[in-house]
Amino acid sequence: MNTILRKSVLGVAGLAFAGGVFAGPVAAHAADTTHAAKPVSVSVQGDKLIPHGVQGEQSRIDLNDEQTKSVKAIIAATKKAGMDERAAVVSIATALQESKLENLGHLGDRNDHDSQGLFQQRPSSGWGTVEQITDPEYSTTAFLKGLKQVDGWQDMPLTKAAQTVQVSAYPDHYAQWEQQAADLVAQHWNK
């Protein structure tokens, strides 16, 4: 999908969310580039990546080079923070929901409040400056810092852990990305 169309779709979605959101980042939804996939489990690393199995129908998108670079940046920042593969799965699933792994800048009037970057973090909510939250390492580290403060995040459903950090108007939407996030971590963690 071309960038102009994607930004238009994100803008419409942002306007739709603006009325019901009072604080915290909100998911930026791209065009209908997802397709439902039946939940499947990751083989060898499944217990660590998806400790309780996935919740509900799963979505999946094909990634371009920019999105794959974002996955690798999230994994690198997770390792640098001394966190494990499960933290990377939660982070990637969150970024899939929030931005489809695209490091979004300000979309003008179509922007959801002042949300930007991979995690759609907001400077006005204390996530950092625009320059910081559009830096993949910084934004991932900021997300992980919030995740570390969630007691028992390792053992709770991914969508609950992500929602506790993100404070989204759509708290259950993170769950649909768990399988793809786990697959991406399994594919890129040891590279």
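The values are calculated or read from the model by the stated rules, or taken from the named source; none is laboratory data. Just so we're clear, the structure is a prediction, and the values are computed from it rather than from any experiment. Note that we place each Cβ from the backbone using ideal geometry, even for glycine, and neighbour counts take in every protein chain shown. Each accessible area value is taken on the protein alone, full model and side chains, heavy atoms only, with ligands, DNA and RNA left out. Shrake-Rupley method; radii C 1.70, N 1.55, O 1.52, S 1.80 Å.
Annotations for the structure displayed:
- Remark: spin-label model distance V130-T68 equals 3.1 nm, labels positioned 7 Å along the Cα→Cβ axis.
- Accessible area of the stretch 85-191 belonging to carbon and sulfur atoms, whole % at 1.4 Å probe: 48 percent
- Net dipole in debye of the stretch 51-182 [+1 Lys, Arg Cβ; -1 Asp, Glu Cβ; about Cα centre; nearest 20]: 280 debye
- Inter-probe distance in nm under a simple model that places probes 7 Å from Cα toward Cβ, at K79 and Q149: 2.8 nm
- By a 1.4 Å probe calculation restricted to protein chains, D151 has an accessible surface near 140 Å², given to the nearest 10.
- Close amide H pairs (under 5 Å, H built 1.01 Å from N) link L104 with G117, L118, residues at least 5 positions away or on another chain.
- Taking the alpha carbon gyration tensor of the stretch 46-191, multiplying each eigenvalue by 5 and rooting it gives semi-axes of 22, 16, 15 Å, largest first.
- Rounded to the nearest whole Hz, the Karplus-based 3J(HN,Hα) values (6.51 cos²θ - 1.76 cosθ + 1.60, θ = phi - 60°) of the stretch 172-181 follow the sequence 8, 6, 5, 4, 5, 9, 4, 5, 5, 4, with x at glycine and proline.
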